[in-house]
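Colleague: Take a look at the following structure, please.
The values are calculated or read from the model by the stated rules, or taken from the named source; none is laboratory data. Just so it is clear, the structure is predicted and the values come from calculations on it, not from any experiment. Neighbour counts are summed over all protein chains in view; Cβ atoms, including those assigned to glycine, are modelled from backbone coordinates with ideal geometry.
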Amino acid sequence: MNRPKSSLITTLLLTALAVFSVTSWAQTRIPRDPLAHLKNALQEAGAPALTSAQETALDALITAFRSAHQTPPTPGTAVQSARAAYDNAILNQDNASAAAQAAIIANDQAANSLQRQTEFANFGIEVIKVLKSSGDQVTPLVTRFGTGGAVRLVLSLAGGPGFGRGGPDHGEPAAPE
């Protein structure tokens with residue numbers, strides 16, 4: 001009878017230690033610099049480093065963008081009704097009704113996507129303005145990573161399409177345009 005009790009006590013003790021160590025690690029973890037990829041890319045491209053004013057401006061843009069986009073848009077009542085009608089049409093094997101409701105849902109998704117792309121573009125334009133405010137840091141980025149790579153780098157600051165390992169072109173220089 002002592003063996004199951006000691007085994008339970010050991011398991012509980014190990015679980016408590018694991019929770020404590022994870023909690024301690026999370027509390028002592030250094031916050032990630034949201035500008036780290038940009039700083040590295042600027043250095044790799046031979047562009048001037050960010051000034052403290054640029055860092056402050058970019059941090060403010062990133063914070064504002066991410067705060068505004070923490071939650072996805074809530075579907076309106078028309079879309080919610082269309083979703084319910086779509087589900088019922090499928091269950092009732094009604095192709096025409098399902099297609100009609102799918103069109104309503106798809107149009108709403110397209111409108112949301114357009115809005116999001118426009119907001120990403122506006123964010124990117126503001127970042128480019130900051131990067132051009134202390135000389136031109138954009139041209140070296142475009143020269144090194146190409147137009148698409150430079151844009152992906154800028155949009156990655158907002159959580160957009162990524163600027164992956166080795167840069168946007170996997171470390172390859174951009175082709176001349």
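Colleague: Residues Ala78, Ala103: which one is modelled with pLDDT of 95 or more and part of a helix (DSSP H, G or I)?
Modeller: Ala103
Colleague: Tell me whether the stretch 116-123 contains one or more residues that are among the acidic types (Asp, Glu), touching a Phe, Trp or Tyr at 6+ places or on another chain (Cβ under 8 Å) and assigned to a helix (DSSP H, G or I).
Modeller: Yes, the stretch 116-123 contains a residue that is among the acidic types (Asp, Glu), touching a Phe, Trp or Tyr at 6+ places or on another chain (Cβ under 8 Å) and assigned to a helix (DSSP H, G or I).
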